[in-house]
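Here is the structure we will look at.
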Amino acid sequence: MFKIDQYAYANKLLSVHPGEKFAFALITMAVGLIFDTINTSMIIIIMMSGATIILAGVRWRLYVKLLSLPLGFLIAGVAAIAVSFSYHDVDVVSGFTVGRFLVGVQPGDLYLALRLFFKALGAVSCLYFLALTTPMTDIIIILRKLKAPPLFVELMSLIYRFIFVLLETAGRIHLSQASRCGYFSFASTYRSLGALLSNLFIRTYWRSRISFTALLSRGYTGSINVLEPRYSVSYKNILAIAAVEALLIVLGLHGRGII
């Protein structure tokens, strides 16, 4: 089981209604995407990180490690926006010339890149809050109650379950190869990795067929129904979420100069 799933099933906010956590994460992410100012995005990052670490009890080392995973993609993406090429001399924060080209970072492009970086990181922090505090089964139940497309929900459920089948199969193959010194040298590692990847698809496909046959034998008709845990709705939490979102909207409007 992933660390994310371990915390999803064993965190301090597990007893909170999943609809409240779902609404809090998605509304906050929507506010951050609409009012994409740096101040609003930074407040969202701090708020969602604090809720995940302090309220849910997630270890901060794990959270920082998870948050650092998308940094490489974000930095590469915003670098392409921040760095520009020009024939003419323009105001740049830092740059150099290559022949007739001026390669540098203009103030407007730098601000746009930073705004995009913090906006994306704020959205990631919202998704991490939902993933680390809410089990996948509860998320699927909420999606069904929201009348999400049944095909989308069913594919989401099946893909989630087969991720663990894939990892378990890969782990068994790797253990078998390692016990036979399959990763002793670079050449053997290369051969073993190729054999693992080629056999992984075949074995996973075989196990998926067995699982599908088992579902059909139990009356599967295109929908996997699970027992729904009973949660109590907290009006105190709803009021707190509404107050936080209203404050974020006010800060976003103020950052845009509307109020």
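See the values below:
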quantity	calculated
Surrounding net charge for residue 143, when Lys and Arg each add one and Asp and Glu each subtract one, Cβ distance under 14 Å	+1
Whole-number percent relative contact order across the chain, with pairs defined as alpha carbons under 8 Å at least 6 apart	30
Radius 10 Å from Cβ of residue 65, net charge of other residues (Lys, Arg +1; Asp, Glu -1)	+3
Student exercise, the stretch 150-217 dipole from Lys, Arg, Asp, Glu Cβ charges, in Debye to nearest 20	220
Gaussian network model of the chain, Cα within-10 Å springs - most flexible of 25, 178, 131	178
GNM flexibility winner over the chain from 171, 19, 32 (Cα, springs under 10 Å)	171
Dipole magnitude of the chain about its Cα centre (Cβ charges: Lys, Arg +1; Asp, Glu -1), debye to nearest 20	1000
Residue with peak Gaussian network fluctuation, the chain [Cα springs, cutoff 10 Å], from 50, 122, 194	194
Surrounding net charge for residue 239, when Lys and Arg each add one and Asp and Glu each subtract one, Cβ distance under 15 Å	-1
Hits among lysines - C-alpha to C-alpha of residue 145 under 17 Å, sequence gap 8 or more where chains match	21
Anisotropy class of the stretch 150-217 from Cα gyration tensor, a/c 1.5 cut	prolate
Phi-based couplings in Hz for the stretch 56-69 (Karplus 6.51, -1.76, 1.60; Gly and Pro marked x)	7, x, 6, 4, 5, 5, 5, 5, 5, 5, 5, 5, 7, 4
Estimated vicinal HN-Hα couplings, Hz - the stretch 145-162 in sequence order (Karplus 6.51, -1.76, 1.60; Gly, Pro = x)	5, 7, 6, 5, x, x, 5, 4, 5, 5, 4, 4, 5, 5, 5, 4, 5, 7
Selection from 199, 210, 179 lying farthest towards where the dipole of the stretch 150-217 points positive, charges on Cβ	179
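Quick note: the coordinates plus some simple rules give every number you see, no bench work behind them. The shown structure was predicted, so the numbers you read here are calculated from the model rather than taken from an experiment. Positions of Cβ are backbone-derived with ideal geometry, glycine not excepted, and every protein chain shown enters the neighbour counts.
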